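Visitor: A single structure is presented below for examination.
The values are calculated or read from the model by the stated rules, or taken from the named source; none is laboratory data. Note that the structure is predicted; figures quoted are calculated from it, not measured. Quick reminder, even Gly has a Cβ in these numbers, built from the backbone with ideal geometry, and neighbours come from all protein chains shown.
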Amino acid sequence: MAAAELIFDPRAAHGEAAFDEVLNNARLQAQAQSLPYAGIVSAQDAWQLVQAGKAVLVDVRTNEERTFVGYVPQSLHVAWATGTAMNRNPRFVRELEAKVGGKYGVVVLLCRSGKRSAAAAEAAAKAGFTHVFNIAQGFEGDLDAQQQRGHSGGWRWHALPWLQD
């Protein structure tokens, strides 16, 4: 081993602590709000966790939303609901477990606004997922005064990476 490989990097240790702090704060807030899942993280924190290999991002929107609105690179996809009628996917929990490789890793869920991903997080937690988090404001953010999304909060508004085919 080269000498440079043995040098302690305080930035790496700080980064690990910062990730733990984000998740622990989310858990504390979830407990205070009596949320039925591990917690809510910001889009920015979710992306940092994914980039560091500390979480898996799962998009729970429909295939159509991902195609026509856009999607996050490196994200997995398990639809919470499908079709124009938004019928709940009865296989959601099984598909999620298969895609993320079990129930015990950190999973961050993304939808359009944070509402479907909250419902999906609740279902996952009830099924035994221990570290499932919702991404606040989703991909497109909250509705503005004109009842439009994309102008206030959300993944795209924060200029985080996304693609559109």
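Visitor: Yes or no: the stretch 115-122 includes at least one residue that is free of Cβ contacts under 8 Å to residues at least 40 places away in the same chain and not acidic (Asp, Glu). First the steps, then the outcome.
Guide: First, pick out the residues of the stretch 115-122 that are free of Cβ contacts under 8 Å to residues at least 40 places away in the same chain: 115, 119.
After this cut, where a residue has to be not acidic (Asp, Glu) as well, the list is 115, 119.
Scanning the stretch 115-122, I find at least one residue that is free of Cβ contacts under 8 Å to residues at least 40 places away in the same chain and not acidic (Asp, Glu), so the answer is yes.
Visitor: Hey, can you tell me all the residues within the stretch 114-160 that are of a type outside the set (A, V, I, L, M, F, W, C), out of contact with any Ser or Thr (no Cβ under 7 Å at 6 or more places or on another chain), assigned to a loop (DSSP other than H, G, I, E, B) and loosely packed, with under 13 Cβ neighbours inside 10 Å?
Guide: Selection gives GLY128, GLN146, GLN147, GLN148.
Visitor: What number of residues within the stretch 95-113 satisfy the criterion of being small (Gly, Ala, Ser) and assigned to a helix (DSSP H, G or I)?
Guide: 1
Visitor: Answer yes or no as to whether LYS103 is touching a strand residue (DSSP E or B) at 6+ places or on another chain (Cβ under 8 Å) and surrounded by fewer than 19 Cβ atoms within 10 Å (Cβ to Cβ).
Guide: Numbers: touching a strand residue (DSSP E or B) at 6+ places or on another chain (Cβ under 8 Å): no; surrounded by fewer than 19 Cβ atoms within 10 Å (Cβ to Cβ): yes.
Judged against the criteria, LYS103 is not a match.
Visitor: Pull out all pairs, ordered by first then second residue, where Cβ-Cβ is under 6 Å, the residues are six or more apart or on different chains, the first lies in the stretch 66-95 and is farther than 14 Å from ARG116 by Cα, and the second is modelled with pLDDT under 95 and polar (S, T, N, Q).
Guide: GLY70/GLN164
Visitor: Still on this structure: Which residues, counting only those in the stretch 36-92, are outside any loop (DSSP other than H, G, I, E, B), of a type in the set (S, T, N, Q) and surrounded by fewer than 17 Cβ atoms within 10 Å (Cβ to Cβ)?
Guide: Once the filter is applied, which keeps residues that are outside any loop (DSSP other than H, G, I, E, B), of a type in the set (S, T, N, Q) and surrounded by fewer than 17 Cβ atoms within 10 Å (Cβ to Cβ), the stretch 36-92 yields GLN44, GLN51, ASN63, THR67, THR82, ASN87.
Visitor: Has the stretch 48-68 got any residue that is touching a Pro at 6+ places or on another chain (Cβ under 8 Å) and either modelled with pLDDT under 95 or of a type in the set (A, V, I, L, M) (or both)?
Guide: Looking for residues that are touching a Pro at 6+ places or on another chain (Cβ under 8 Å) and either modelled with pLDDT under 95 or of a type in the set (A, V, I, L, M) (or both), one finds none in the stretch 48-68, hence no.
Visitor: Looking at the stretch 147-165, I want the residues that are within 12 Å of LEU110 (Cβ to Cβ) and have a partner that is surrounded by 14 or more Cβ atoms within 10 Å (Cβ to Cβ) and β-branched (Val, Ile, Thr) with Cβ atoms under 6 Å, at least 6 apart or on another chain. Which pairs are those?
Guide: That search, which allows pairs on different chains as well, returns TRP162/VAL72.
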